[in-house]
Amino acid sequence: MADIHPTAVVDANAELADNVKIGPLCVIGPNVKIGPDCELVAQIHITGHTTLGRKNTIYPFASMGTPPQDYDFNGEVSYLKIGDGNTFREGFTANPGTKPGTETVIGNNCYFMANSHVAHNCVIGDNVIMANDALPAGYSEIGDRAILSGLTAVHQFCRVGRLAMIGGCCAISKDLPPYMMCFTKNNRVSGLNLIGMKRSGIPAESIKAMKQVYRIFFRSALTPKLAMEKIEAEVPITPEVEEFMDFVKTTKRGILMGPAPRGGAETD
């Protein structure tokens, strides 16, 4: 049975699993489904066709499932789907898809800090961290274990790869490949996320191979096409290298490039 505070407003058609806690002044709409062991601390608004999995914790002034911020949205049914074990801090917002039947998806065990926002049709992976005021725009894709630091922005339709990291106050308008970092204000790759790779247990030989990938693709004078050919010819194709290559080959917005001028500097 759910534990609902007397001041909360929960529609009779909302589906609440066992051990859900609904705190003071929360408002829950009729098409909302909340999984077991979720906690809504206080003053939270969840509406639309929104589904939450298990053990999510939501802090005051969060808003989920309200219509997407899109002039073309005409009120059709779309969805917001949230996995398990996520934390949503104060002022977090998320919108459902903007086209009929489409969805916004948030994975498992993510941490969303104050005033971060997940726009319509985004796909957020598992174990993602979005710091205060991180803002992926519509149709963005954020890979597993990626980190978006405070006051970052991701242009619509862009992708951020697995274990990639965007530094504070940065904005990107092209794809940031897996394992790479962007810490500059000029839309460029700054280096490898070596700490993140080591903490994730990626083998030393794979990290060494990704260092070669970084030097060839981001620090040489080669075009992306020639850099990819050189990587295929010279670098051991570990799973991480293969993941990087697949990401580059499937880009639609283009790949962020390295520091300019490029010149042979290495990353340790």
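Filtered by the rule that a residue be in contact with a Ser or Thr (Cβ under 8 Å, 6 or more places away or on another chain) and either surrounded by fewer than 24 Cβ atoms within 10 Å (Cβ to Cβ) or among the acidic types (Asp, Glu) (or both), region 146-157 gives His155, Gln156, Phe157. The one condition from (1) among the aliphatic types (A, V, I, L, M); (2) buried (at least 18 other Cβ atoms within 10 Å of the Cβ); (3) out of contact with any Pro (no Cβ under 7 Å at 6 or more places or on another chain) that Leu25 does not meet is (2). Among the conditions (1) in contact with a strand residue (DSSP E or B) (Cβ under 9 Å, 6 or more places away or on another chain); (2) basic (Lys, Arg); (3) farther than 22 Å from Ile106 by Cα, the only one that Lys198 does not satisfy is (1). Which numbered condition trips up Asn186, out of (1) in a strand (DSSP E or B); (2) at pLDDT below 95? Single failed check for Asn186: (1).
The rows are residues; the columns are (1) part of a loop (DSSP other than H, G, I, E, B); (2) closer than 23 Å to Asn127 by Cβ.
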{"site": "Asn31", "(1), (2)": "yes, no"}
{"site": "Gln43", "(1), (2)": "yes, no"}
{"site": "Thr50", "(1), (2)": "no, yes"}
{"site": "Lys55", "(1), (2)": "yes, yes"}
{"site": "Pro60", "(1), (2)": "yes, no"}
{"site": "Asp72", "(1), (2)": "yes, no"}
{"site": "Glu90", "(1), (2)": "yes, yes"}
{"site": "Val105", "(1), (2)": "no, yes"}
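With respect to (1) more than 18 Å from Asn86 (Cβ to Cβ); (2) surrounded by fewer than 24 Cβ atoms within 10 Å (Cβ to Cβ), the lone exception for Leu135 is condition (1). Just to verify a result, which residue in region 163-203, among those that are among the charged types (D, E, K, R) and surrounded by 15 or more Cβ atoms within 10 Å (Cβ to Cβ), is farthest from Ala137 (Cα to Cα)? That would be Arg188. Contact annotation: residue pairs with Cβ atoms under 8 Å, 6 or more positions apart or on different chains, pairing a residue in region 51-71 that is buried (at least 17 other Cβ atoms within 10 Å of the Cβ) with a partner that is among the basic types (Lys, Arg), are Thr51/Lys33; Thr51/Lys81; Leu52/Lys33; Tyr59/Arg89; Ala62/Arg89.
Tell me, please, whether a residue that is among the aromatic types (Phe, Trp, Tyr) and in contact with a strand residue (DSSP E or B) (Cβ under 6 Å, 6 or more places away or on another chain) can be found in region 210-218. Yes.
Out of curiosity, is Ala12 over 19 Å from Lys81 (Cα atoms) and without any contact (Cβ under 8 Å) to a residue 40 or more places away in the chain? Criteria met by Ala12.
The values are calculated or read from the model by the stated rules, or taken from the named source; none is laboratory data. Everything numeric in this text was worked out from a predicted model, so none of it was measured. Because the Cβ atoms are built from the backbone with ideal geometry, glycine has one as well, and the counts that use them run over all protein chains shown.
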